[in-house]
Amino acid sequence: MKKYLMLVALFFATTLFAAEKGTWTGYISDDHCGAKGAGHEACAKQCVKDGHVPIFVVGDKIYKIKDTKKVSKFIGEKVTITGTITDDVVDIEKVKK
């Protein structure tokens, strides 16, 4: 029983450390074009309109977005996102331009 409880505790500790809560500034792009950055707004908007998924780009790191509706009005723009990143997926609490 003790081994089982230790494994459960280890699992939860690992899960907690895998999530990173914070604030990041980057661009909302799309999964077709990736990390294009500034000057890519019109193309990103067209790609999302064509069915590609919005992503969050910070430097050369690309993150999936848990709820893409939260960034729908920011496609192609530089934004600051507050939330939690777990396994390269950002769960957005707040997004601002």
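Let me check I've understood the local charge: for ALA42, count other residues with C-beta under 14 angstrom from its C-beta, Lys and Arg +1, Asp and Glu -1. What total comes out? Could the numbers behind the result be given before it?
On the way: positive: LYS36, LYS45, LYS49; negative: ASP30, GLU41, ASP50, GLU77.
The answer is -1.
Using the Cα centre as the reference, give the magnitude of the dipole from point charges on the C-beta atoms of the range 57-97 (Lys, Arg: +1; Asp, Glu: -1; all else neutral), rounded to the nearest 20 debye. Working shown, then result.
Details: 10 positive and 7 negative charges, 61 e Å.
Once rounded to the nearest 20, the dipole reads 300 debye.
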- [ ] Mind checking which lysines have their Cα closer than 25 Å to the Cα of LYS61? Skip sequence neighbours fewer than 8 apart in that chain.
- [x] LYS21, LYS36, LYS45, LYS49, LYS69, LYS70, LYS73, LYS78, LYS94, LYS96, LYS97
Open item on the list: Using the Cα centre of the range 20-96 as origin and beta-carbon charges of +1 (Lys, Arg) and -1 (Asp, Glu), tell me which of VAL95, HIS40, TYR27 is placed farthest towards the positive end of the dipole.
Closed with: VAL95
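Every number in this text was worked out from the coordinates using simple rules, so none of it is lab data. Quick caveat, the model's predicted, so the values are computed rather than measured. Every residue, glycine among them, receives a Cβ derived from its backbone with ideal geometry; neighbour counts consider all protein chains shown.
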